Amino acid sequence: MKKYTFKGGVHPNHCKEQTEHLRIEEFPAPAVAVVPLTQHMGKVTKPLVDKGDRVLVGQLIGETVKHVSASVHSPVSGTVLSVKPFPHPSGRLVNAVEIENDGADEIMEYAPIGNRWTETAPGELVQEVAAAGIVGMGGAGFPTHVKLSPSALKSIDTLIINGSECEPYLTDDHRIMIERTDGILTGALIMRKILGAKNTFIAIEDNKPEAIKAVAGRVASSQFSGITLVVLKSKYPQGGERSLITAVTKRKVPSGGLPMDAGCVVQNVGTALAVCEAIMEARPLYRRVVSVMGVGVRSPKNFLTRVGTPVRALLEACGANLSIAKKVILGGPMMGAALSDINVPVIKTSSAILVLDQITESVKKYPCINCGLCVRVCPMRLIPSRLAKFVEKGNLDDAAKWNIFNCMECGSCTYACPAKVNLVQFFKLGKMKIRATQAKQKWVV
């Protein structure tokens, strides 16, 4: 089978051996769930409950106030203890609903569309996806109903289901492709109907032969006709939307544009499964698979985990030796976030918990030697070394002109840099400063 890829990227060790062959286990619901009202890209949701209220599993507890937002549902049944700011995986204090679990696991009943989805209008299906609070499960957390509602001016002909999972260590997508294959493919069919896409692909890297075999066996059936399996060369960041679109379709997303501008919509396999569960079972998104692994983790696991579960609880269940842990990362080592507090809750975008016993200093170690490696590996065809210098010197206008906002913050440049310059940190800082300046100017005007 032909293998697809993109230009640029790096080849870090896969490091997936700890959990790639372990079946998904259901993790017990937490005694107290802390459910942030921000688990997505966009506006914070408005709380619908208050202290003393009783809630059910799947009950809406946070409603959207803007189009780019996502509803939040209770992962347990029980009593609301408080609605106040709590530590969030982002490192900020975020408004959250604290719920004491009563152990009854009483579920809020909704009427599913079920197999009637084939005759249901696309607009109604999008409403169900929005009501379920589904977001991009690959990490970005962009509200799925927004992606499924392109402007009438955008002609979408291609849907790509992203099963590349190119980050080292991560295996949550791998396992659901093996264990929940039909759910993912059904979700793909539902989204294809919504978008009216002619072409539907599911793309998987070649370092996941079990997942490829599972998906290949099902797409060959008449039930899932029209879905094409694409095998990708294993390379990071193959799972980035722009990289994936280029690899699969040879199209390029224009600078400053979105995948829709190239006629494509990309959705993660976890998102596809969540769409299937929302339509077929009327299940809101209040749980996800989280892989736990790393140094000193005696019993690595892939857990089906409810939102609001403390990270500490998962680590303790896996026998993690926290005395040797120097860093705990939520997500992968390339784009994940190091946690300052392991009592923060799992949220919709939490794919993994990674324990490391070494740290890398977040300072420049040596001067740039102008070797050009960062340019060679950049999937966005930027000049990272120059952009970093612009930010370091405070030349933010030049950084913007040289397309700093096209940077996807994948970290390939930092990984490849022989001088150990933390390039991606400069880009994050530069973007933050430019946005702050723009917001101030807008306010003044």
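Panel values: segment 25-157, Kirkwood radius from alpha carbon pairs, Stokes-Einstein at 4 °C and 1.567 mPa s, translational diffusion coefficient 81 µm²/s. Given Cα pairs under 8 Å that are at least 6 residues apart, what percent is the relative contact order of segment 293-363? Result for segment 293-363 is 40 percent. Please give the solvent-accessible surface of Glu63 in Å², to the nearest 10, using a probe radius of 1.4 Å with every protein chain present. Per-residue accessible area (Glu63): approximately 60 Å².
A P(r) calculated from all alpha carbon pairs of segment 234-369, with 10 Å bins opening at zero, reads 11, 30, 29, 24, 6, 0 percent.
For Lys7, the aspartates and glutamates whose Cα comes closer than 19 Å to its Cα, not counting residues fewer than 8 places off in the same chain, are Glu165, Glu167, Glu205, Asp206, Glu241, Glu409.
Taking only the Cα atoms of segment 326-390, the ratio Rg/Rh comes out at 1.08, with Rh defined as the Kirkwood radius.
How much accessible area per residue does segment 60-120 have, in Å², with a 1.4 Å probe?
Values: 3090 Å² over 61 residues.
Each residue of segment 60-120 exposes 51 Å² on average to a 1.4 Å probe.
Rg and Dmax over the alpha-carbon atoms of segment 230-310 stand at 16.9, 46 Å. Rolled with a 1.4 Å probe across the full set of protein chains, the surface gives Trp402 an accessible area near 100 Å².
Straight Cα distances below 26 angstrom link Lys326 to the lysines Lys16, Lys301, Lys348, Lys364, Lys365, Lys420, Lys428, with same-chain residues fewer than 8 positions distant left out.
Using alpha-carbon positions, what is the distance between the centroids of segment 250-274 and segment 350-427, in Å? Cα centres, segment 250-274 to segment 350-427: 24 Å. So for segment 1-41, considering every pair of alpha-carbon atoms, how many percent are separated by more than 12 Å? Within segment 1-41, distances greater than 12 Å cover 81 percent of Cα pairs.
With no solvent and one point on each alpha carbon, what is the Debye value of log10 I(q)/I(0) for segment 265-314 at q = 0.14, 0.19, 0.25, 0.29 Å⁻¹? One equal scatterer on each Cα of segment 265-314 leads to -0.47, -0.75, -0.98, -1.11.
Can you sort Thr249, Thr118 by solvent-accessible area, 1.4 Å probe, largest first? Walk me through the numbers on the way to the answer.
On the way: Thr249 35, Thr118 70 Å².
Largest to smallest exposure gives the sequence Thr118, Thr249.
Straight Cα distances below 15 angstrom link Lys46 to the aspartates and glutamates Glu63, Glu98, with same-chain residues fewer than 8 positions distant left out.
So for segment 308-445, Kirkwood radius off the Cα pairs, Stokes-Einstein at 10 °C and 1.306 mPa s: how many µm² s⁻¹?
Details: Rh = 17.0 Å.
Estimated diffusion coefficient is 94 µm²/s.
In this structure, the residue pairs whose Cα-Cα separation is over 27 Å, taken from Lys66/Lys433; Lys208/Lys389; Lys193/Lys213, are Lys208/Lys389. Segment 91-176 has equivalent-ellipsoid semi-axes of 27, 23, 16 Å, by the square roots of 5 times the alpha carbon gyration tensor eigenvalues, sorted largest first.
Dipole orientation for the chain: of the candidates Ser69, Met137, Thr158, Thr158 has the Cα lying most toward the positive pole (charges on Cβ; Lys, Arg +1; Asp, Glu -1).
Placing +1 on each Lys and Arg Cβ and -1 on each Asp and Glu Cβ, with no other charges, gives the chain a dipole about its Cα centre of roughly 2120 debye.
Can you check how the C-alpha radius of gyration of segment 120-214 compares to 2.2 N^0.38 Å, as a plain ratio?
Compactness ratio reported: 1.13.
Looking at segment 170-316, what % of the alpha carbon pairs are farther apart than 21 Å? Here the long-distance tail beyond 21 Å is 50 percent of all Cα pairs in segment 170-316. Using just its DSSP H runs of length 4 or more, each adding -39500 (n - 2.57), the chain gives a mean residue ellipticity at 222 nm of -8000 deg cm²/dmol after division by all residues. When a 1.4 Å probe is rolled over the protein heavy atoms, the share of accessible surface on the chain that falls to carbon and sulfur comes to 53 percent.
Report the rotationally averaged projected area of the chain based on its alpha-carbon convex hull, in square nanometres. Could the numbers behind the result be given before it?
Values: hull surface 86.5 nm².
Mean orientational projected area (the chain, Cα hull): 21.6 nm².
Using C-alpha pairs below 8 Å separated by at least 6 residues, the relative contact order for the chain is 19 percent.
Cysteine residues of the chain whose Cβ has no partner cysteine Cβ closer than 4.7 Å: Cys15, Cys166, Cys264, Cys276, Cys318, Cys368, Cys371, Cys378, Cys407, Cys410, Cys417.
What are the DSSP H helices in the chain that stretch 24 Å or more along their long axis, judged by alpha-carbon atoms, and whose average Kyte-Doolittle hydropathy comes to at least 0.5? Don't jump to the answer; show the numbers that get you there.
Details: long enough: 423-444 (32 Å, -0.22).
For the chain, where a helix must reach 24 Å along its axis and average at least 0.5, there are no hits.
Peptides 234-243, 10-19 ranked from most to least packed, by the mean per-residue count of other Cβ atoms within 10 Å: 234-243, 10-19. Positive end of the dipole of the chain (Cβ unit charges, origin at the Cα centre): among Tyr236, Thr200, Gly336, the Cα lying farthest that way belongs to Tyr236.
The values are calculated or read from the model by the stated rules, or taken from the named source; none is laboratory data. These numbers come from a predicted model, not from an experiment. All Cβ positions, even for glycine, are placed from backbone atoms using ideal geometry, and neighbour counts span all protein chains on display. For the accessible areas, the whole protein counts, side chains as well, though only heavy atoms, and no ligand, DNA or RNA atoms are used. Shrake-Rupley method; radii C 1.70, N 1.55, O 1.52, S 1.80 Å.
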